[in-house]
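Take a look at the structure below.
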Amino acid sequence: MSEHIRSLIDRLKTLRTNLYDHDFLLSWEQSEADLKAVLLAAEVFEAMYRANIDARPYRGGLAVSIFRDQSTRTRFSFASAASLLGLTLMDLDETKSQVAHGETVRETANMISFLTEVIGIRDDMFVGEGHEYMAEVSKAVAEGFEEGVLPQKPAILNLQCDRDHPTQTMADLMHLTKTFGSLEALRAKKIAMTWAYSPSYGKPLSVPQGIVGLMTRFGMDVVLAHPEGYGLMPEIGHIARRQASESGGTFEVTSSMEEAFADADVVYPKSWAPYEVMQRRTELLRAGQNEKLGALEQECLAMNAEHKDWECTEEMMAATRDGKALYMHCLPADISGVSCEQGEVSASVFDRYRKATYHEASHKPYVMAAMILLNRFEHPDRVLFKLLSQNRLRHHLD
Amino acid sequence: MSEHIRSLIDRLKTLRTNLYDHDFLLSWEQSEADLKAVLLAAEVFEAMYRANIDARPYRGGLAVSIFRDQSTRTRFSFASAASLLGLTLMDLDETKSQVAHGETVRETANMISFLTEVIGIRDDMFVGEGHEYMAEVSKAVAEGFEEGVLPQKPAILNLQCDRDHPTQTMADLMHLTKTFGSLEALRAKKIAMTWAYSPSYGKPLSVPQGIVGLMTRFGMDVVLAHPEGYGLMPEIGHIARRQASESGGTFEVTSSMEEAFADADVVYPKSWAPYEVMQRRTELLRAGQNEKLGALEQECLAMNAEHKDWECTEEMMAATRDGKALYMHCLPADISGVSCEQGEVSASVFDRYRKATYHEASHKPYVMAAMILLNRFEHPDRVLFKLLSQNRLRHHLD
Amino acid sequence: MSEHIRSLIDRLKTLRTNLYDHDFLLSWEQSEADLKAVLLAAEVFEAMYRANIDARPYRGGLAVSIFRDQSTRTRFSFASAASLLGLTLMDLDETKSQVAHGETVRETANMISFLTEVIGIRDDMFVGEGHEYMAEVSKAVAEGFEEGVLPQKPAILNLQCDRDHPTQTMADLMHLTKTFGSLEALRAKKIAMTWAYSPSYGKPLSVPQGIVGLMTRFGMDVVLAHPEGYGLMPEIGHIARRQASESGGTFEVTSSMEEAFADADVVYPKSWAPYEVMQRRTELLRAGQNEKLGALEQECLAMNAEHKDWECTEEMMAATRDGKALYMHCLPADISGVSCEQGEVSASVFDRYRKATYHEASHKPYVMAAMILLNRFEHPDRVLFKLLSQNRLRHHLD
C-alpha cells in the first residue's frame, strides 16, 4: 500500500501547479496540472485514510465554514476534511451574528481568520452573487495577510457558488477516473449532462455548469441536454466549447434527452432551474417582492410539469452504450415513487446505481482536504511524504 | 494507580463479549459479559482521566450526534466522550438539513459516515419509533460498510430511545457498584423504581424501562411502583420477570409507593407518562391533530394531579432500609419548592443526595467512551493497555 | 525567536500572581502582577503561534462557551484559544436546553463540567445580572470540585459581562504596549475614553467601564467624556479615581469631547447606553413590559440624536497629540456614511486606522488562552517552557 501511495506522491511532485496560495473558485480558471494535482492529493488522502495512517499536517488552527444555504453532505464532508487535516471546525452561523456585504465582509473575514487555515463557503442561492462573495472574502483575507494582521492567509474553499460546485465535480471526476481506470481513459467517452424533471423548484445551476465546465477538459464528448428555456449561464457554453476544442473533445447542446443518452458512457440526469428564471428570482428577492416570487415559482413548476418525460428510466438507460452507462448524481436524487411521485430517475435505475452514487459522494472529504493542502503548502508532496514516513496510525491497532 | 488500572484491564481481557462490531441498543439484548465489559472499560477511562493519562485511541475521525429532542447533559457527555477518544464532534442538526424515514435515512446515514466512528442518537419522543430509527441507521451503515462505501462501520450509540436509555442506566449501574462496592454486592439488594408526581407531561418511559430492564440482571429485588394506569410497555414486564428469575433476583409491580420504599436499599422516584398515553400521543402527532393533543395533555396533567402524594419525602425515605436508602435520579429532578411547587422529591431529601446524583451523572462520558471502544475494537483490552503503557499525559504537568 | 520567547517566559516566572485557581472576572479585582502575567503569557502564545510552534498543553478536554448575546468575533476568539490549547470546543446553546437561575445553574454548571477546563461566558444584556451569573457558575463548579464530583475546576472566563469586558480590554492593553513599546511607556500618556453618537440603542457599558477600570492602573491620564446623562455605573468612577491615584496617573470626567481629545495620545470613541437607562430597561424586561420598552428605546434614540456632534472626525483628530493620536475601537464601529448615515467615526479617520483596529482585535485569542493557562496551571512558566522545548511544529513545514 505505502508503495502505491509513494508513487502517487511522486506523480504529484512532477506537476507544476498554480495552487499554492491561490484559491480554487472556478475549475475553468485552473490549469490541467492543478486539476490533476487535486485528484492525486485526494487519492493520497483517501489511500492513507484507508491504510489507517494519521495524515494530519496540522496541530490546531481553524477550519471555518459559512453556509448560506442548507446542507448536510457538504457540511459533513467539510467537517471530515478538517478532522483529517487536524484542524478545529468552526461554523459561522449568520443567524447568530450579522454579516452583510461591503465593509462588513472585509472586517468579518479578518475577524474570523486570526488562526484560520481555510474558510469553506456555500453561497448558491442568487445568481451573480455567490462567486462574488467568495472573491470578496478571498480579497479581504489576502489584504489582511499582506498587512500583517493575519499570520496566515486562509484558503477560500468554494463549497458551491452560483456558477460552479468544484468540490462536487472534482469528486465526480475522481469517481470517473476510478470507474474507467484513469484520466486518460476518459478520452472520447461520451457524458450526457441532462436536465431531468423534478417537482421542486429553484435547484441551483452550479452542478450542470460545473460538470460541462470540467468534463470538457479531458477530451470527453460532452453533451448538455435540456428542454427549450432551461439554458445555463451563457458564458458556460463558450467556456465548454473552447475547452472541448483545446482538449480534443466535443461539446454539444441538444434539446433531446434521447439524443444525449444515445450511446453515452456516462449519464448525469439532474434537475435545475433555468438561468433566466434564476435571474428574475434574484431580482424579486432583492426587491422583496414576495407575491411575485410565489407567482414565479408557480410559473416555473408549471413549466417543469411540461417535461415530465425527462426522466432517467430503464428505457432511456437501454439506449446508452451497451445499455450500461454509468449513472451519476450529486444526491439527493428525486426518485420516482420513492422520494416523489415522479422525478429525475426511476426507482429501478437508481437502485442499480445507488452504491455507485454513494462511492461518488465518498470522495468529497478527500477532494476538500486536497484543495486545502495544495493551497496552503508550497510543497504538498513533501508534506504528504513526511506524513507517510512518520508512520503514525490514525487509530490504535488492536 | 496504574496497577489498579492494569488489573481492571486484565479483568476486561477475560470477558467473552459480543460487543465488537455490534450495536448496544437495548441492554436486555446484551449478555452479562457485555454489561460487565462496559462497566470495566468505563472504569478504566475514568481512572485514566483522573490519573491525567491521555486515553485517545483515535487521531481524528468523526463522532456524530443526532438529537431529535432537547438535551444538555447527554449532549455534553457525548462531546466529552468524543474528546476523550480523540474524535471530532459533529452534530447533525435536522433543522439545517432534511432527514425523514425510509430511503432518506439510508442515504443520510451513509453520507455522514465516510470518516465516522460513532453516531450517537437521541430519539425518544414517539413510542414505537426511536428504537426503529436507530436500528434503521445501524442497518444502513452496516450495508454501506459491506458494500465498501464506508471504510469503517460506525458504532450506533443509543443516547435514549423510546424503550431504553442505556448510557444512563449503565452509568446508574456504575454508580451502584461504586456505592455498594461491587456488582456482586448488589445481589438481594432491593431497588424501588417508582413513579413520582410531576406537574409536567410527556416524560419518556426509557429510564424506568431501562432501570427495570437492567437491574433485574444482577440478582436484585426490583420493585416497580406506579399508580394504576401508568404502566410501561408490556414487554418490559416480561423481560424483567424472566431476567430476575435467571439472575436469582425478583421483580414485582405494585401500585403502592410505600410498599416499594419499604426496606429498599435504593430508590429511584421519577415521573413518566403512561405508555397508553404515549401511544395516543404518537398517533395524534402523526395525524397532526393539535387540538386533540392539547386535550390529551390536559387530561394527562389532571390524571397526574390525582397522585401528588407520590413524592419522595423524608417520611417516605424513613421507611427505607435503616432510613437511608440511596436516592437516585437521572436529573433534572422536579424538586418541591425549588423547581416547581410540588414535584418528585422534597427539597431536603434531594439536597442530602444532590452530591450523590452528581456523581451518578459523572460516569456517563466514560460509559459512552467505553461503549464506543468496545464496539469499534476487537481487542479493547489491548488498546487500553497500549494507551496506558505509552504513558502520555493528558495535560502537561507543571 | 525562541530566545525572545524564552525571555518572556523568564519574566513571567518572576511574577507573583494570584491567578492560579482563581477566576479573572473583573480586571480591578486583579493585582498588577496578574495583569502583567496575562500580557506576558498572551505574548508568548502569539509569538509561538507566529513561530509555528505547537503550544497545546492539553490532549483533549472541553472548552465550553455560553453566549447569552450575539457574538461573532468573541465566539471565534474563544474557538481559536481552545484550538490553540488542544481543547475540544462545545457551545451550550440555551435554545436547545433550558437553563435558568438558582438551583438549575448549579446543576447545569456541574453537568457540563465533568471533563471541562474552561467555561467562557458572555452575559452582558442586563445590568446587575451578568457578573452575578458568572460568579454563580464559578461558585457552583468550585463546590463540585471540592465535593469530588468534578475531577478539575474549570476556569470561568468572562467573555463580557454587564460590568467589564476583560478579554477585550486586555487585548486593548496589549495593543497599547505594542504601539508605545512597553507597559512603562504608557505612563503619563493621555487616553480619552469618550462616548460617541450611534443611531443604535442599548450598547453595553462593559467596554468603557473596562477601559477606565484598566487603563487607570498604569499611570495614564485617563479622561472619560460623555454628554450629561450618559454616566457609567457609579462605582466605576470610584475605582478609576482610586487606581489612578495609586498608579500615579489621573482620572477625569468631562462632558466635552473636545476637552478629552485635546492632546490625547489615544482616543477610544464609542457609543453606549446610559447606566440609568440600562437599569430602567432591565426592570422593564424583567416585568415583561414590552410597550414601555419600545417607548424607552424611542426616548433613548431621541436622546442620542441630540449628540450627533459627538463624532470622531478629522477635525477632532487634529486636536490630539501632534494630530495623530492612536484611534481604538472594539469593533464593529458605526462608521459615518459606511455602516450608517452618521455614527461614531468618520470614514476617513476609520480608514486610516482600520488596520490598527484589526491588529488590536488580533490579540484576543492569545489573551484568552493566557487567562485559561494562568488559571489552570500553578506554574504556567514551566508549561510554556516545556511547550517551547519540545519543539513541535504546529504545522508541517514543507
### Query
Given only helices, namely DSSP H runs of n ≥ 4 each adding -39500 (n - 2.57), what is the per-residue ellipticity at 222 nm of the protein assembly as shown, to the nearest 500 deg cm²/dmol?
-15000 deg cm²/dmol
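By average Cβ neighbour count within 10 Å, what is the ranking of B:187-196, B:304-313, B:114-123 from highest down? Each step should come with its number before you reach the end.
Details: B:187-196: 23.5, B:304-313: 17.7, B:114-123: 26.2.
Listed from highest to lowest mean packing, they are B:114-123, B:187-196, B:304-313.
With both bridge residues required to lie in chain C, what share of the DSSP beta bridges run antiparallel, to the nearest 5%? Write down the numbers at each step before the final one.
Numbers: 1 of 35 bridges.
Approximately 5 percent, going by the DSSP bridge assignments.
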### Query
How many Å² of accessible area per residue for the stretch A:245-398, probe 1.4 Å?
43
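If you average the sequence gap of Cα pairs under 8 Å that are 6 or more apart and divide by the length of chain B, what percent do you get for the contact order?
Worked out over chain B, it gives 21 percent.
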#### Entry: Other-chain or far-sequence residues with amide H under 5 Å of residue A:65's (modelled H)
A:90, A:91, A:92, A:120
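Within 15 Å, Cβ to Cβ, of residue A:182, how many net charges do the neighbouring residues add up to if Lys/Arg are +1 and Asp/Glu are -1? Intermediate values should be presented prior to the final figure.
Details: positive: A:11, A:36, A:178, A:187, A:189, A:217; negative: A:32, A:43, A:184, A:265.
Charge balance near residue A:182 sits at +2.
What dipole magnitude, in Debye to the nearest 20, does the stretch C:323-395 give about its Cα centre under +1 on Lys/Arg Cβ and -1 on Asp/Glu Cβ? Mind dumping the intermediate values first?
On the way: 10 positive and 7 negative charges, 114 e Å.
The dipole magnitude comes to about 540 debye.
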### Message
Taking the alpha-carbon distance from residue C:308 and a cut-off under 27 Å, which lysines remain once sequence neighbours fewer than 8 residues away in the same chain are dropped?
### Response
C:190, C:203, C:270, C:292, C:324, C:355
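In percent, how large is the relative contact order of the stretch B:253-360, given Cα pairs closer than 8 Å and 6 or more residues apart? Write out the running numbers ahead of the final one.
On the way: 112 pairs, mean separation 35.2, N = 108.
Once normalised by length, the contact order is 33 percent.
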### Message
Taking a point 7 Å out from Cα toward Cβ as the label site, list the nm distances between residue A:255 and the same residue in every other copy, smallest first.
### Response
7.6, 7.7
## Note on the structure
Per-residue average of other protein chain Cβ atoms inside 10 Å, peptide C:63-75 -> 3
### Message
Not counting ligands, DNA or RNA, and with a 1.4 Å probe, what is residue A:382's accessible surface area in Å² rounded to the nearest 10?
### Response
120
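Can you give the average number of partner chain beta-carbon atoms within 10 Å of each beta-carbon in peptide C:112-122, as a whole number? Don't skip to the end; give the middle numbers.
Values: counts 7, 4, 13, 12, 4, 1, 0, 0, 0, 0, 0.
Average neighbour count from other chains, rounded to a whole number: 4.
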### Query
What residue among C:239, A:298, C:370 has its Cα farthest toward the positive end of the dipole of the protein assembly as shown, where the charges are +1 on Lys, Arg and -1 on Asp, Glu, each on the Cβ?
C:370
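Once fully extended, how much extra length lies between residue C:318 and residue C:6, figured as 0.36 nm per residue of separation less the alpha-carbon to alpha-carbon distance? Numbers along the way, then the final one.
On the way: separation 312, 0.36 × 312 = 112.32 nm, distance 4.13 nm.
Residue separation times 0.36 nm, minus the Cα-Cα distance, leaves 108.2 nm.
For the C and B pair, go ahead and give the buried accessible area with a 1.4 Å probe, both sides summed, in Å² to 100.
Buried area between the two chains comes out at roughly 3500 Å².
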### Task
Using a 1.4 angstrom probe on heavy atoms only, work out the carbon and sulfur share of the accessible area of the protein assembly as shown in %.
48
### Query
Percentage of Cα-Cα pair distances in the stretch C:31-144 greater than 20 Å, rounded to whole percent?
50
## Note on the structure
Once all protein chains are kept in place, residue C:314 shows an accessible area at probe 1.4 Å, nearest 10 Å², of 60
### Query
Which of the GluC sites (Glu not before Pro) found in the stretch B:146-229 are loop residues per DSSP with 10 or fewer other Cβ atoms within 10 Å of their Cβ?
B:228
### Query
Sorted by accessible area (1.4 Å probe), largest first, how do C:255, A:138 line up?
C:255, A:138
### Query
What are the label-to-label distances in nm, one decimal and shortest first, from residue B:33 to the same spot in the other copies, with labels 7 Å along Cα to Cβ?
6.0, 6.0
### Query
Quick one: Karplus J couplings for the stretch A:234-242, per residue in order, coefficients 6.51, -1.76, 1.60, θ = phi - 60°, nearest Hz, x for Gly and Pro?
x, 5, 4, x, 4, 4, 4, 4, 4
### Summary
Given a 1.4 Å probe, the accessible area of the stretch B:6-62 per residue, as a whole number of Å², is 38
### Query
Which lysines have a Cα less than 18 Å from the Cα of residue C:386, not counting those fewer than 8 places away in the same chain?
C:13
### Message
Compute the distance from the alpha-carbon center of the stretch B:53-74 to that of the stretch C:190-242, in whole Å.
### Response
44
### Task
Quick one: net charge around residue B:169, please, counting Lys, Arg +1 and Asp, Glu -1 for every other residue with C-beta under 14 Å from its C-beta.
-2
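Which value results when the Cα radius of gyration for the protein assembly as shown is divided by 2.2 N^0.38 Å? Write down the numbers at each step before the final one.
Values: Rg = 31.6 Å, N = 1194, 2.2 N^0.38 = 32.5 Å.
Ratio of Cα Rg to 2.2 N^0.38 Å: 0.97.
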### Message
Not counting ligands, DNA or RNA, and with a 1.4 Å probe, what is residue C:180's accessible surface area in Å² rounded to the nearest 10?
### Response
60
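Rounded to the nearest 0.05, what FRET efficiency is calculated for residue B:245 and residue C:309 with R0 set to 56 Å and r the Cβ-Cβ distance?
Details: r = 87 Å, r/R0 = 1.56.
After rounding to 0.05, the efficiency reads 0.05.
Per-residue mean of other chain beta-carbon atoms within 10 angstrom of the beta-carbon, peptide C:356-369?
Details: counts 2, 3, 12, 3, 1, 5, 10, 1, 2, 3, 2, 0, 0, 0.
Neighbouring Cβ atoms belonging to other protein chains average 3 per residue here.
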### Message
Whole percent per 10 Å bin, from 0 to the bin with the longest distance: what is P(r) over all C-alpha pairs of the stretch A:245-292?
### Response
18, 31, 24, 20, 7
### Task
Would you be so kind as to identify which of A:198, C:284, C:174 lies farthest towards the positive end of the dipole of the protein assembly as shown, taking Lys and Arg as +1 and Asp and Glu as -1 on Cβ and the Cα centre as origin?
C:174
### Most to least accessible of C:246, C:107 (protein chains only, probe 1.4 Å)
C:246, C:107
#### Entry: Cβ-defined net charge surrounding residue B:155, 10 Å radius [Lys, Arg +1; Asp, Glu -1]
-1
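In debye to the nearest 20, how big a dipole does chain B give about its Cα centre with +1 on each Lys and Arg Cβ and -1 on each Asp and Glu Cβ? Could the numbers behind the result be given before it?
Working: 42 positive and 57 negative charges, 309 e Å.
About 1480 debye.
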## Note on the structure
Output row for residue C:128: copy-to-copy label distances, label 7 Å along Cα→C-beta, ascending, in nanometres, one decimal, is 5.3, 5.4
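The values are calculated or read from the model by the stated rules, or taken from the named source; none is laboratory data. Note that this is a predicted model, so its numbers are computed, not measured. With ideal geometry, Cβ positions are generated from the backbone for all residues, glycine too; neighbour counts draw on all protein chains shown. All accessible areas refer to the heavy atoms of the entire protein, side chains included, with ligands and DNA or RNA removed. Shrake-Rupley method; radii C 1.70, N 1.55, O 1.52, S 1.80 Å.
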